[in-house]
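The values are calculated or read from the model by the stated rules, or taken from the named source; none is laboratory data. Here the structure is a predicted model, which means the values were calculated and not measured. Positions of Cβ are backbone-derived with ideal geometry, glycine not excepted, and every protein chain shown enters the neighbour counts.
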Amino acid sequence: MRVMKSMLLAGLLAATGAVAAQDAAPKKPSTAGRTVHVLTPPLALHGMGRPRTLRVYLPPGYAAGDRRYPVIYMFDGQNLFDDATAYAGEWGVDESMDALAREAGFEAIVVGIDHGGEQRFHELIPYFNVRFLPNQGAAFVDDLVRVVKPFVDVQYRTRPGREHTAIVGSSLGGLSASYAIHRAPDVFGKAGVFSPSYWVSKDAYAHARAAALPADARIYLYMGDREGGEAVPDVERMAAQLRTTLADPGNVTLRIAPGAEHNEAAWREEFPTAVRWLYGLPTAAATAPGAP
């Protein structure tokens, strides 16, 4: 087990190194859609002590009226919309959201918060871990709640209530998304927790037990069955724990994807399904042309 965990850690550290080296690589063409906007200047984050770039996807109907929209906040903004800024392929969030608008009539704003490159490991760990000091994840989530969300609610036509607000992330971002819905249940009513790095600290389980969630909170847990280490047992443990603490166990779902590894391609494939479940939309099969 120790060897497998070391392999997983080595992979994550390699990914962090790839992020740091990205600026030296040849520039790739942008794949971001026309409704994705990179906000300048970066937004100052007080708890983190350094600014952060926001990448905002606006739904197809945004410019045409005065409607207000749910908001999905996501970590690792560089990897969400644009292959030119992603270090291992993008999630295709803008394409997926456009498809959900066409197929299910669901439109939402998506706000990607950039990671800090070489600082990513530190800023996405919200629990104590002596190997990755300083652990700044709690400060990052606090900045998201106190700075980023109020800014977005002023700048855009949002539906600011917790029942319309989701937090989503993968890997260390999945760990932070899992933490965030328990840290700020009055702000986030939904969490998409992809391949969470629960191996970083078992405090994640104690924190989830201690922080009761509202009855209507919804959590989508995902893990590929080829992610290595104790990844699958760890996420299964969290799912079982949440089902015993939530008033409605049906508000937690767990998907173990056969053959899926720890990468953006897997998360890209799963993202639309997660959004449908979090917001109570029909499944893709139910909205396909010709479906009964």
Looking at the structure I just gave you, is Val252 crowded, with 18+ Cβ neighbours inside 10 Å, touching a strand residue (DSSP E or B) at 6+ places or on another chain (Cβ under 6 Å) and modelled with pLDDT of 95 or more? yes
Any chance Phe106 is crowded, with 19+ Cβ neighbours inside 10 Å and in a loop (DSSP other than H, G, I, E, B): yes
Answer yes or no: is there a residue in the stretch 147-160 that is at pLDDT 95 or above, farther than 22 Å from Thr40 by Cβ and not β-branched (Val, Ile, Thr). yes
Give the residues of the stretch 122-150 that are out of contact with any Leu (no Cβ under 7 Å at 6 or more places or on another chain), over 22 Å from Val56 (Cβ atoms) and β-branched (Val, Ile, Thr), sorted by residue number. Val130
Quick check: anything in the stretch 129-138 crowded, with 21+ Cβ neighbours inside 10 Å, among the hydrophobic types (A, V, I, L, M, F, W, C) and in contact (Cβ under 8 Å) with a residue 40 or more places away in the chain? no
Consider Ile125 against the criteria (1) of a type in the set (Val, Ile, Thr); (2) part of a strand (DSSP E or B); (3) modelled with pLDDT under 95: it satisfies all of them except one. Which criterion is unmet? (2)
Can you tell me which residue within the stretch 185-208, out of those that are part of a helix (DSSP H, G or I) and without any contact (Cβ under 8 Å) to a residue 40 or more places away in the chain, is surrounded by the fewest Cβ atoms within 10 Å (Cβ to Cβ)? Ala206
Which numbered condition Ala215 fails, given (1) of a type outside the set (Ser, Thr, Tyr); (2) out of contact with any Gly (no Cβ under 6 Å at 6 or more places or on another chain); (3) within 24 Å of Ser201 (Cβ to Cβ): (3)
Quick one: would you say Lys149 is closer than 24 Å to Arg67 by Cα and crowded, with 24+ Cβ neighbours inside 10 Å? no
Have a look at Pro59, Pro29 and point out the one that is loosely packed, with under 15 Cβ neighbours inside 10 Å and either touching an Asp or Glu at 6+ places or on another chain (Cβ under 9 Å) or assigned to a helix (DSSP H, G or I) (or both). Pro29
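Conditions tested, residue by residue: (1) loosely packed, with under 12 Cβ neighbours inside 10 Å; (2) at pLDDT 50 or above.
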residue	(1), (2)
Gly17	no, no
Gly33	no, yes
Pro41	yes, yes
Gly47	no, yes
Matching entry among Ala265, Ala284, Ala191 (being within 27 Å of Ala138 (Cβ to Cβ) and of a type in the set (Gly, Ala, Ser)): Ala191
Checked the stretch 226-272 for anything touching an Asp or Glu at 6+ places or on another chain (Cβ under 9 Å), outside any helix (DSSP H, G or I) and acidic (Asp, Glu); matches are Glu227, Asp248, Glu261
